[in-house]
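The values are calculated or read from the model by the stated rules, or taken from the named source; none is laboratory data. Everything numeric here is computed off the predicted structure, so don't read it as measured data. Note: areas computed on protein heavy atoms with side chains; ligands, DNA, RNA excluded. Shrake-Rupley method; radii C 1.70, N 1.55, O 1.52, S 1.80 Å.
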Amino acid sequence: MLEKKITYPQMGNYSVPIYYLLRHILHIKVIKPNKITAKTIELGSKYSPDFVCMPFKYTLGTFIEGLDKGANILLQAGGGCRYGYYSELQEKIIKNLGYDFTYINLVSKGKINKLEVYKKIKKIDKKLNIFKCLYYLFITIKMTKYMDELEDYIRMNKAFEENKGEFDKVYNELLSVFGNTTCYTYLFRNYLKYKKIIKNIKVNKGHNHLKVGLIGELYTLMEPFANYDLENLLYKHNVEIKRFTNVTYLLFRKRKAVINFMKKMKNYFIYRLGADAHDNIYRAKLLCENDYDGIIHIKSSFCTPEIGAMPIINKVCKEYNVPIIYFSFDSNTSMVGIETRVEAFIDMLNMKKS
């Protein structure tokens, strides 16, 4: 009988908690996806429709690489915009390439039904234990929340560290420790330990540095390769970064938050715009009201919800006289072009501030 092997799409540092969870609840081999490279994009772009967005191509390329490493079960969690239909299309494309596999999408009709998810996983692993699942799911959720909290702090301070590379060194060590967590007590103790270490890293912030907010499509924001490592580029220019989108927000806060956004932003939109569009319009206003010097909006090319939100975001920024720059990424985006535009934007913000 063929050994079952499961893999999933790569998305930033979140591969650590996903791998941890699957490894502890499943009785089948888990294949950790490779970090995204040019080869991943080449594979995904080669077999994708021309005008599909980059997250589709990135995840498709990741799946093909996983199958080539021996995986025969693909785990997907796509939903929320047009991406909700992509799982069916991805499955069809990969099967047409001749691969034999089982495809599991955890999202149905834009939502995650916990009972349905359990039933889907149970089909591939008959030994699945509900109590073990709940315990390790609890640890994984806590791990993700701790990661998001500490990353928020790092974004605000990394550009100003006195010893360059110290935040990265400590945080990478934390990820390694989190990945080897044995129980919740172990996780919590290490969270407190590394939180203290991270907050004791010496920074020289000053009082007149630039503050920039990052908004846009969720995958492009959270996967560094998808946004050409834009955050690290901003750190080189001594910029404090605020980014709202993370897994904690998407899983536990977004649904209620969107209802709140609809009420507070009725002067700007009255209908649901889909995906992260509502969030980003509200966030643009919030950043403007909190004296941020500029806003960077990023998305993949052909991201329909964000295209619809951009004129409204532009209106908000004009009302508050806050500069904004838009980036759309695809497989042909030039790193040199990004660096040039970022440098020009930062120069303009510095001139405006002074």
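Go from 0 up to the bin containing the longest alpha carbon distance in the chain, width 10 Å each, and give me the % of pairs per bin.
P(r) over the chain, rounded to whole percents: 5, 23, 32, 27, 11, 2, 0.
Which value in deg cm²/dmol, rounded to the nearest 500, describes the helix-derived mean residue ellipticity at 222 nm for the chain, given -39,500 (n - 2.57) per DSSP H run of n ≥ 4 and division by the residue count?
It lands at -17000 deg cm²/dmol.
Largest first and to the nearest Å, give the Cα extent of segment 140-203 along each principal axis.
Largest first, segment 140-203 extends 35, 16, 15 Å along its Cα principal axes.
Quick one: order M143, M262, M348 from most to least accessible surface, probe 1.4 Å.
Ranking M143, M262, M348 by accessible area, largest first, yields M348, M262, M143.
For a quick size check, give me the Cα extents of segment 51-167 along its three principal axes, largest first, whole Å.
Result, largest extent first: 53, 42, 30 Å.
For H209, H27, what's the largest-to-smallest order of accessible area, 1.4 Å probe?
My answer, sorted largest first, is H27, H209.
So, how do all the Cα-to-Cα distances of segment 154-250 break down into 5 Å bins, in percent, from 0 on up?
Taking all Cα pairs of segment 154-250, the binned fractions are 2, 12, 18, 20, 21, 16, 8, 2, 0 percent.
Among DSSP bridges having both ends in the chain, what percentage is antiparallel? Round to the nearest 5. Intermediate results must be reported in sequence, preceding the final value.
Working: 2 of 26 bridges.
Of the beta bridges lying entirely in the chain, close to 10 percent run antiparallel.
Could you work out the mean projected area of the convex hull around the alpha carbons of segment 238-354, in square nanometres to one decimal?
Answer in nm², one decimal: 8.1.
Most fluctuating residue of K195, K120, K211 in a GNM of the chain with Cα springs under 10 Å: which is it?
K120
Hey, any idea what Rg/Rh is for segment 303-354, computing Rh the Kirkwood way over Cα pairs?
Looking at segment 303-354, the ratio lands at 1.03.
Can you bin every Cα-Cα distance in segment 232-276 into 10 Å intervals starting at zero and give me the percent of pairs per bin, rounded to whole numbers?
21, 37, 26, 16
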